[in-house]
Number of protein chains: 6
Amino acid sequence: MWKYEKKLEYPININKKDLKMAKALLAQYGGPDGEFTAAMRYLNQRYTMPDEKGYALLNDIGTEELAHVEMIATMVKQPMKEATPRELLDAGLTGQYVQHDHALFPTDANGVPFTAAYFQTTGDFNADLMEDMAAEQKARITYEHLMDLTSDPDLLAPLAFLRQREVVHFNRFKELRDYYLQKYNKK
Amino acid sequence: MWKYEKKLEYPININKKDLKMAKALLAQYGGPDGEFTAAMRYLNQRYTMPDEKGYALLNDIGTEELAHVEMIATMVKQPMKEATPRELLDAGLTGQYVQHDHALFPTDANGVPFTAAYFQTTGDFNADLMEDMAAEQKARITYEHLMDLTSDPDLLAPLAFLRQREVVHFNRFKELRDYYLQKYNKK
Amino acid sequence: MWKYEKKLEYPININKKDLKMAKALLAQYGGPDGEFTAAMRYLNQRYTMPDEKGYALLNDIGTEELAHVEMIATMVKQPMKEATPRELLDAGLTGQYVQHDHALFPTDANGVPFTAAYFQTTGDFNADLMEDMAAEQKARITYEHLMDLTSDPDLLAPLAFLRQREVVHFNRFKELRDYYLQKYNKK
Amino acid sequence: MWKYEKKLEYPININKKDLKMAKALLAQYGGPDGEFTAAMRYLNQRYTMPDEKGYALLNDIGTEELAHVEMIATMVKQPMKEATPRELLDAGLTGQYVQHDHALFPTDANGVPFTAAYFQTTGDFNADLMEDMAAEQKARITYEHLMDLTSDPDLLAPLAFLRQREVVHFNRFKELRDYYLQKYNKK
Amino acid sequence: MWKYEKKLEYPININKKDLKMAKALLAQYGGPDGEFTAAMRYLNQRYTMPDEKGYALLNDIGTEELAHVEMIATMVKQPMKEATPRELLDAGLTGQYVQHDHALFPTDANGVPFTAAYFQTTGDFNADLMEDMAAEQKARITYEHLMDLTSDPDLLAPLAFLRQREVVHFNRFKELRDYYLQKYNKK
Amino acid sequence: MWKYEKKLEYPININKKDLKMAKALLAQYGGPDGEFTAAMRYLNQRYTMPDEKGYALLNDIGTEELAHVEMIATMVKQPMKEATPRELLDAGLTGQYVQHDHALFPTDANGVPFTAAYFQTTGDFNADLMEDMAAEQKARITYEHLMDLTSDPDLLAPLAFLRQREVVHFNRFKELRDYYLQKYNKK
C-alpha cells in the first residue's frame, strides 16, 4: 500500500498560458508512452519478477511513475488555468472543455482515452525488462519532442528532469536484466 | 507523491486453487467498476474539487484504492499459482496464459483491456461526486456477486472487507456532496 | 417496439454557420455523457428494475433520450450545412469531412467513436439508479459547457431545454431510488 | 421522436434454460452485425439520403431495428433467467454475471463492448446503401449460425422471423439504390 | 508469402508542404475505410471463399491493397517532411508530432488508432463479397473527399489513380459474387 | 509493393482437431504480440530509420512477418476445420462461430479485435529498435507458452520454427541498434 506525501517530486510553477503545450503534454499523461502507462506497467510486472531484487526495483520505479503522473497533471493544468472556453476551442481543446472543463482526464494528445493495450506483462523477466527498457526510450524521445516545442524555462526544467529520470530508469532496468541473464545463464 | 509501505491493507492468504474465481476476480482488477478505475477516477477528479477539503478526501480515497488494486492482484494471483497451462485453458483463462502466463494484466473478466472510458471527470463537484457515489454502489454490488460465487473463507474475508470499504467511501462522498450543496446553496 | 412520429421534441432552426460549435456538440452526440449513451443505458437497465414502476420510468426516459439524439443530430448538422470542405478542415473537422462528409456519426468531440464502455448495467436498482442520477448530472454540466460557448439564441434555446430535461430526469430517478430504498428497507 | 408501444414485434417465450445460447445471442445484441449496430447505422445515415424517399426508408428500417434490439434482449434474458451464479460461470458467462448479474449489456459474444466502429456513414447514397445491403447479408448469416446451434422451436421461430426481416430489408435497400442510380444516372 | 519489390505501384512526388492534407490523408491510412482495413479484410476473407477462383481474387486485391498502404504512407510523409514541430501543432497534428515525430502510425484523421472492428469476415461468400463491394464504394467516396481538398496535381494524380483502382475492385468483386450466386443457385 | 508467392514460409499440416489450441493460437494472430502487430510495426517504422540499411532490415523482417501471419492463419484454421458449431461453443469459441463461422478474424485469444495501440513508432531509431527487440522477446515467450500447451508434433514444428525466427530477428535488431549507436556516437 501507499502513503501520500503532499509534495511534487520536482517543483512546477508554470505561469504562461500555453494551450497548445497543454494539449501536447496530454501525450505524457494518458498517451501510449505516458506516465500512467509506465506506472501500470511496472506495478503489474513486479509480481512475476524472479526474485525480491526485481520486485523491489519495479515497485520503486512504478511508485515513482505515480509521482510523475502527478507532475504531468500539474503541467497540463497550470498552462490552461486562465483559459476561457472559446480559447480552449481555438487551441483544439474542444473535447477537453466540453467533456471535462479544466479537469484532468487521461487521454493522449488526440483525446483518445487511455487503454491498457499500451503495455504488456508476460511473466518472463527477459521480455518484460526489455519492454521496460523500450518504454523508457520511448518516454525519453516523447519528452524530447515536448522540449522542442517550448522555450519557457518553467516548462523546460521539469521536462528535463523527467527526461533524465527515464534515462536513469533505463539504466536500472538494463542492469537488472544483465544480472538476471547472468544468474540464469541465458543470453 | 507516494511512499510504498510493504504490506497489504488487509491480509490475504488463499490456498485453494480456484481458477474460475481468479477469472471472476479480474472484474475488480481491470474491469468497468474495478479498483484501477476507482483509483484513476478519484486521483484525477481531486484537482477540480472546490476546496482543500474535497481535494483531501479524493486524494485519500484514491490512494486507498491503489491499495485495493494490490489486494485484488494478490487475490487473482494466489488461486492460480499452482495451475498448469492446460488447467488455465480449461478454466477459460486461455488469453491469460498464452498472453501473460501467471502475470497480472488489467482486463475485465472477459479479457477486455482496461480503458479510461470507464470513468469521467467533469470539473463540477456535483457531477463528479454523484459519479463517485454511483461508482461505490457499482463496486459494492460487484463484490456481492463475487461473494455469491465462493464459500472459501480465505476469499470471503477480504471480499467482505473490500465491500465494506465501498460502503464507507459512498458515505464519505455523500457527506462531501451534501456539504458542498449547502455551502454553495445548490440543490 | 417504437413508432416514429415525424417531429422533434423541441424545434431547432440554426441558421448561423458555426463549425466550432458543431464540433463541440458532438460531445453530446456520441460522447461519454451524450444522448446515445443515455438512451442505451436506460433501455438496457429497464429490464432489471424491481417492478413495473421502475421499468416504465426507465423506458419512458430512455425513449425520450432517443428523441434527444435526434435533436443533437439536427444541432450538429445545421451549423455545418453550408460549410465547404476546407472550412471543415480549418475548424478541426478533418475527420468529419474526409470520413463522413456532412453525415452524422456518433463520436465524441475528439472524433473518438462511441463505445458502450461509457455506461453500465448491474442488475441492482440502487447501483443503476445512482449511475443514472450521476449520468444526468454529467449531461447537465456538459450542456452548461456548451451554453458557455455560444450567444446564438437559436442554439441556446434547445440547449437550455435539453439541460432542463436532465434536471427533471435526475429528480425522477432520485424519487424512484428513494421509493425503492423505502420499499426494500435499505439505506 | 418515438412513441413506445408495449409489445414485441414478434412474440418470444423461451422456457428452456440454455446458457450457451444466451452467450451466443449476445452476438446479435452488441456485436459487429448486431441489432444495435443496425439501428444506429440507419438512423444516422437517414439524414444524408438524397431525398425524402430515402430518409423515410432508413427511418422505417432503423426504427424496426430498435424493435429487434428489444427482441434480442428478451431472447438473451429468458434462457438465463433461472441460472445460478456458478452455472453462469460454467457456461463462460463470468463477465456477464460478475459485471452485470442478469442485466442486459451490449457486448458481442466474447464480452467486447459495442463500438460505433462497427458501422459507417459517408454522406454518399451509393456507399451507404451498399454498406446497408452488406449489413443485412452479415446479419442474415449470423442468424443462420444461431439457428444451427439450437433445435428449440421457441428460439428457432423468432430467429427465423428476424432472419427473414434481414432479407426483406436487403431487398428494400437494393431497390432504393437501383432507384437512385437510375435517377442520378450513375452506374 | 510475399516478395518485396522496391517500387511504388504508382509514382508519388509531392513537393508542396501541406500539413492539413497530411492529416486528412491519415483517413486512408489507418481510418475505417483506409488501405490497412482493406488489405486485412481481403487477406482474411480469402481463406473461406468457396473455391480457388475466389481465393485468388481476394489474394490479388489484398496484395494490391498492401501496395496502396505504401502509397498512402508516402503521401502522408512527403507533405510534412519539412515541417517544424510548431507547424505540426498549428495544423492539428499535435499527437502526430509528440507521439510519433515524422513517423507513420496507422490512425484515422482524428488520431484514433486502427482497430479490426472496421471490417468483418463471416465465412459466407455472399456476405463477405457484399461487404467488399461496400468497402470499395466507401473508399471511393473517401478519395473523392480528399480530391475535393486539394488542387495540387502531385496529390491529385495518385489520388485519382487510387480512386480508379477502387472502382475496378468493386467491379471484380461484383462479378465474383454474380458468378457464385449463379453457380450456387442463390439469389 | 509486394508480389505473392503461393507457398508458406514453412509447411503446415495439422490433422488433429484441437479447438482449445485454435483458440490459444489466436493470441499470435491478432493479439498484442502477434504477427499482425509485428508486420505493421516494422513496415511503419522502416520509413524513419536513419539510412537505407535500417530501412532494408525493417522492410525484410516486416515482409517476413506477413508470411508468419499466413502461417498462423493456417494453424488456426486447420485444427478447427472439422468442428461442428456446438463443439466450437463448448471450446469457448462462441464468438468465433457465431460472428465468423470458420473464417479468420484478427483478435487476441479472448476475442478482442486487433488494435494498433499494441505497437508504437517514434521516429527515433533507438526507441524504435528497442521496442522491436522487446517485441521479439514477447513473441518468443508467447510461442513458448503455446508450445507448452501441445504435444502434437504437427503443431510443435511450425511453432518451434516461428519461435526461432523471433530469436533471429531479435539479434538482427540488436546488431542494427549497436551499429547506429556507434555510428551516431550515442550510448
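Using the Cβ of C:LEU159 as centre and a radius below 12 Å, the other residues enclosed give a net charge of -2, where K and R count +1 and D and E count -1.
Rolling a 1.4 angstrom probe over the protein heavy atoms, how many square angstrom per residue are accessible across the range F:1-128? Working shown, then result.
Working: 3360 Å² over 128 residues.
Solvent-accessible surface per residue comes out at 26 Å².
Would you please state which residues of the range C:108-130 a label at B:LYS186 would reach in this model, taking the label point 7 Å out along Cα→Cβ and a backbone N cut-off of under 20 Å? Within reach of a label on B:LYS186: C:129-130.
Inter-copy label distances for A:LYS81: 4.5, 4.5, 5.0, 6.1, 6.9 nm (label point placed 7 Å from Cα along Cα→Cβ; shortest first).
Using only helices, what value at 222 nm comes out for chain D when you add -39,500 (n - 2.57) per DSSP H run of length 4 or more and divide by the total residues, to the nearest 500 deg cm²/dmol?
Values: 8 runs with 116 residues, N = 187.
After summing the helix terms and dividing by the residues of chain D, the value is -20000 deg cm²/dmol.
Compactness check for chain F: Cα Rg over 2.2 N^0.38 Å is 1.09. Label points for C:ASP51 are taken 7 Å from Cα along Cα→Cβ. From this copy to the others they lie 4.2, 5.4, 6.6, 6.6, 8.1 nm apart, shortest first. Out of every Cα-Cα pair that the range D:67-168 contains, those further apart than 21 angstrom amount to 47 percent.
Provide the three semi-axes, in whole Å and in decreasing order, of the ellipsoid equivalent to the range A:85-129 as defined by the square roots of 5 times the Cα gyration tensor eigenvalues. Numbers along the way, then the final one.
Details: eigenvalues 241, 16, 9 Å².
Over the Cα atoms of the range A:85-129, the semi-axes work out to 35, 9, 7 Å.
A protection proxy built from the mean count of other Cβ atoms within 10 Å ranks the segments E:122-130, C:172-180, most packed first, as E:122-130, C:172-180. Above 16 Å, the calculated P(r) of the range D:116-179 contains 51 percent of its Cα-Cα pairs.
When the Kirkwood hydrodynamic radius is evaluated over all pairs of different C-alpha atoms of the range B:1-112, what value in angstrom, to one decimal, is obtained? Working shown, then result.
Values: mean 1/r = 0.0662 Å⁻¹.
Kirkwood hydrodynamic radius for the range B:1-112: 15.1 Å.
Give me the summed buried accessible area for the C-D pair, 1.4 Å probe, to the nearest 100 Å². Working shown, then result.
Values: alone 9910 and 9900 Å², together 15890 Å².
Using a 1.4 Å probe, the pair buries roughly 3900 Å².
Shortest first, C:GLN182 label-point distances to identical copies amount to 2.3, 6.5, 7.4, 7.4, 8.3 nm, with the label point at 7 Å from Cα along Cα→Cβ. Pairs of Cα atoms nearer than 8 Å and 6+ residues apart set the relative contact order; for the range A:82-187 it is 23 percent. Counting Cβ atoms of other protein chains within 10 Å of each Cβ in A:27-33 and taking the mean gives 5.
Run the accessible area of chain A with a 1.4 Å probe and give the carbon-and-sulfur part as a rounded percent.
Working: 2920 of 5820 Å².
Solvent-exposed carbon and sulfur of chain A make up 50 percent of the total.
Which value in Å does the Kirkwood hydrodynamic radius of the range A:1-50 take, with 1/r averaged over all unlike C-alpha pairs and then inverted? Across the range A:1-50, the inverse of the average 1/r is 13.7 Å.
Residues with beta-carbon under 14 Å from that of D:MET49, excluding D:MET49: net charge, scoring Lys, Arg +1 and Asp, Glu -1?
On the way: positive: C:LYS77, D:ARG41, D:ARG46, D:LYS53, D:ARG172, D:ARG177, D:LYS183; negative: C:ASP101, D:ASP51, D:GLU52, D:ASP60, D:ASP124, D:ASP128, D:GLU131, D:ASP132, D:GLU175.
Combined, the nearby Lys, Arg, Asp and Glu give -2.
For the protein assembly as shown, build the convex hull from the C-alpha positions and give me its volume per residue in Å³. Please report the intermediate quantities before stating the final value.
Working: hull volume 167.6 nm³, N = 1122.
Each residue corresponds to 149 Å³ of Cα convex hull volume.
Could you work out which residue, out of F:TYR97, F:TYR42, F:TYR143, moves most in a Gaussian network model of chain F, that is, has the largest mean-square fluctuation with Cα springs under 10 Å? It is F:TYR97. A DSSP coil position with no more than 16 other Cβ atoms inside 10 Å describes the following trypsin sites (Lys or Arg not before Pro) in the range E:1-80: E:LYS6, E:LYS7, E:LYS16, E:LYS17. For chain B, averaging the sequence separation of C-alpha pairs within contact (under 8 Å, six or more residues apart) and dividing by the residue count gives a relative contact order of 29 percent. Under the combined filter of DSSP loop state and at most 14 neighbouring Cβ atoms within 10 Å, the range A:1-60 retains these GluC sites (Glu not before Pro): A:GLU5.
The values are calculated or read from the model by the stated rules, or taken from the named source; none is laboratory data. Note that the coordinates shown come from a computational prediction; the quantities given were computed from them, not determined experimentally. All Cβ positions, glycine included, derive from the backbone under ideal geometry; neighbour counts span all protein chains shown. Areas reflect the complete protein model, heavy atoms only, side chains present, ligands, DNA and RNA absent. Shrake-Rupley method; radii C 1.70, N 1.55, O 1.52, S 1.80 Å.
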